[in-house]
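Note sheet for the following structure.
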Amino acid sequence: SDHMENICGYLMKYTNLVTGWQYRYFVLNNDAGLLEYFVNEQSRHLKPRGTLQLAGAVISPSDEDSHTFTVNAASGEQYKLRATDAKERQHWVSRLQICTQHHTEAIGKNNPPLKSRSFSLASQGSANSPGVQRRPSQNAVSFFNVGHHRLPTGKRVPIMQPDHLVDVREMMSQAEGQQRDLIRSIECLPASGHLTSLDQDLLMLKATSMATMNCLNDCFHILQLQHASQQKGSLPAGTTISWLEPKISLANHFKNGAAQNFPAEINKPASVREEQSSAEPCQLTREPEEINPDEELEDICDDKEDDLGAVEEQRSVILHLLSQLKLGMDLTRVVLPTFILEKRSLLEMYADFMSHPDLFLAITRGSGPEERMIRFVEYYLTSFHEGRKGAIAKKPYNPIIGETFHCSWRLPKGSVATDAGSSAHSPSEQGTPPKEPDGQAEPDYYTVKFVAEQVSHHPPVSGFYAECVERNMCVNAHVWTKSKFLGMSIGVTMVGEGVLHLLEHGEEYTFSLPCAYARSILTVPWVELGGKVNINCAKTGYSASINFHTKPFYGGKLHRVTGEVKQNTTNTVVCRVQGEWNSVLEFTYSNGETKYVDLTKLSVTRKRVRPLEKQGPFESRRLWQHVTESLRDGDIDKATEHKRALEERQRNEERLRAETETPWCTKYFLKDGDGWVYHKPLWKTVSAAQTQQTDSN
């Protein structure tokens, strides 16, 4: 109560895309439980421009910066606010939270128990829209009161007996049937007229009812687990089962090798039980595994994503999803519909950026620092086209923590571009390749190895590494994908950095990645890249600045990119590039020469991947195989079921690790400052070999 003080002051309030942020004068009225705002302090005696009931509200500091926070009212209305600094934000957030808690608890104390134990959802919503039924005087407080049920004081909750589970299951089935009837009634409404299936109140009712049933099902699942464990005598009498129980018993992966047994799952769909039973015994290890490239076979998968298919059929689901999103909302924790997924993991998508390994290997053979920088820019700009599987914007699977992907490429040595003064097979261009065992001829191809790992779940960070030992070159990168809802599009920021190491020349090239946007998500979604990226080599003084241009509202070209390579010391531009990153690029050099690269005609080298039966259980293709197979078969429901099982396991195990304070250990990548580095990079291997050779001499 000491902190229940009325505070006031200026905050910035986000209005919309056109108006943006505006300064407004806010007043916290603790007595009434209201947050009000005015145009300015002088207009405080007038009627507020806006008012939020704080009872039942959620006050959330934003993770996008240290100044922003949101106030989400029980009515569904939201204020997105920004303070001048972190200290002021904390002051407002703490006072708002105290006021919210006080008035929420007051409602609970004054609210009597519901007279009826059940009511029909269908009968309540079948005649009119909730918006029509709502009285003009109804506010957030009365809205919040509807679902609140308080147990009589002094009475303990009776222990649930086994036969009571049957009654609960029957009641749950009835509620699920009523909820389905309600959804069906809403979706059968016409698309236009006085009351439509896209009515904002009806969309909110659909979302709320679905979330309520999901919550009830999770609670019922906990009761089943408790009953099953007591029946088996696996727990001492009186012990309760934590709600953190995983739904797939592969806990050793998430516990980093620690053995743990869990009760068997009951009442699960047959397809999920089959998926669980097919998993190996938990003998997983976090020790790095050396992948033999000879076990990898040329990839025959060709999952193009040019078919709208389910996207058109499920447009109502997309509209429903959009109705729940707020402008600028972080989508990292939002579960998106299965039908918009690509048939590959994000880790494999990073590997597909390497589909032109001949251009990658040609970088180190540039005759000088200038040519090597230009060759890197050429490789960099040609990588994004093949990284996309078709013109339709679909989303790859979100990798689960600990997921890995391995592959490699083989290229005949004569197919890789060299500088004018060397042969494709000359020892000088190969640096210091490893010696072949006695009796074995040196292979006539180069091998590029690739490994990726999901090193963090929150935030979602992926690390990937590629190397060619024969060419003494490797690349290490880490990427944190931050996605936001932007209205009719979704933006993904690729936070992180990559470093290309040319060990033969002692050069390091640092680079970043552009933002990606899924546009027109209600019609035919398509991908656009945007933003400025920089490539820099500190040793040589050469750098490149590349701009991915987003299409303006009127006119302009799609997928346009421009850039220039310059020598920083003299500020001389040595190469300019323009064109489209998914079509034709034009390189103009300082000597007046021009080179055109048609990306649609570039040869693509297929990656080599181990067969599924030889992959570990947490390698991408094997981990997601049932989701991928279901998507290929067009069975969206089955794909969703398998996807949900994987995601639930990850969430439950994350909570379990947090509860037991068990740190997560990565397999291939090590934390290095703000980034992640492969545990055995080529630069360390070569350095160790040179040191050993020096010592022997």
- Over segment 568-651, give the accessible area per residue in Å² for a 1.4 Å probe, as an integer. 51 Å²
- Query: Per residue, how much accessible area does segment 7-108 have with a 1.4 Å probe, in Å²?
  - Reply: 49 Å²
- Message: Could you tell me the ratio Rg/Rh of segment 473-530? Both radii from Cα atoms, Rh via Kirkwood.
- Response: 1.20
- From the cross-link list 532/607; 413/484; 449/595, the entries with a Cα-Cα span beyond 32 Å are 413/484
- Task: Can you find, among 561, 535, 513, the residue farthest towards the positive end of the dipole of segment 472-578? Put +1 on the C-beta of Lys and Arg, -1 on that of Asp and Glu.
- Result: 561
- Protein accessible area in segment 592-676, 1.4 Å probe - carbon and sulfur %: 45 percent
- Among 8, 106, 93, pick out the residue whose Cα is farthest towards the positive end of the charge dipole of segment 7-108, where Lys and Arg carry +1 and Asp and Glu carry -1 on C-beta, about the Cα centre. 8
- By how many nm would the segment from residue 601 to residue 659 grow when fully extended, if each residue of separation counts as 0.36 nm and the alpha-carbon distance is taken off? 15.5 nm
- Item | In order through segment 49-58: 3J(HN,Hα) via Karplus (6.51 cos²θ - 1.76 cosθ + 1.60), integer Hz, x for Gly, Pro | 5, x, 9, 10, 6, 8, 4, x, 7, 10
- Task: Report, to the nearest whole %, how much of the accessible area of segment 7-108 belongs to carbon and sulfur atoms, 1.4 Å probe, protein only.
- Result: 49 percent
- Message: Let me cross-check residue 168: its accessible surface, 1.4 Å probe, with only protein heavy atoms counted, in Å² to the nearest 10?
- Response: 40 Å²
- Note on the structure: Expressed in Å to one decimal, the Kirkwood Rh of segment 462-505 from all distinct alpha-carbon pairs is 12.4 Å
- Message: With +1 assigned to the C-beta of every Lys and Arg and -1 to the C-beta of every Asp and Glu, and no other charges, what is the dipole magnitude of segment 483-544 about the Cα centre in debye, to the nearest 20?
- Response: 340 debye
- Task: With +1 on each Lys and Arg Cβ and -1 on each Asp and Glu Cβ, and nothing else charged, work out how big the dipole of segment 7-108 is about its Cα centre, in Debye to the nearest 20.
- Result: 280 debye
- Could you work out, for segment 7-108, what percent of all Cα-Cα pairs fall into each 5 Å distance bin, beginning at 0 Å and stopping at the bin that holds the largest distance? 2, 13, 24, 27, 21, 9, 3, 0, 0
- Query: Can you put 290, 370 in order of accessible area, largest first, using a 1.4 Å probe?
  - Reply: 290, 370
- As computed over segment 599-668, the Cα convex hull volume per residue (Å³): 170 Å³
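The values are calculated or read from the model by the stated rules, or taken from the named source; none is laboratory data. Source: prediction; values computed, not measured. Positions of Cβ are backbone-derived with ideal geometry, glycine not excepted, and every protein chain shown enters the neighbour counts. To get the accessible areas, we keep the full protein, side chains included, count just its heavy atoms, and leave off ligands, DNA and RNA. Shrake-Rupley method; radii C 1.70, N 1.55, O 1.52, S 1.80 Å.
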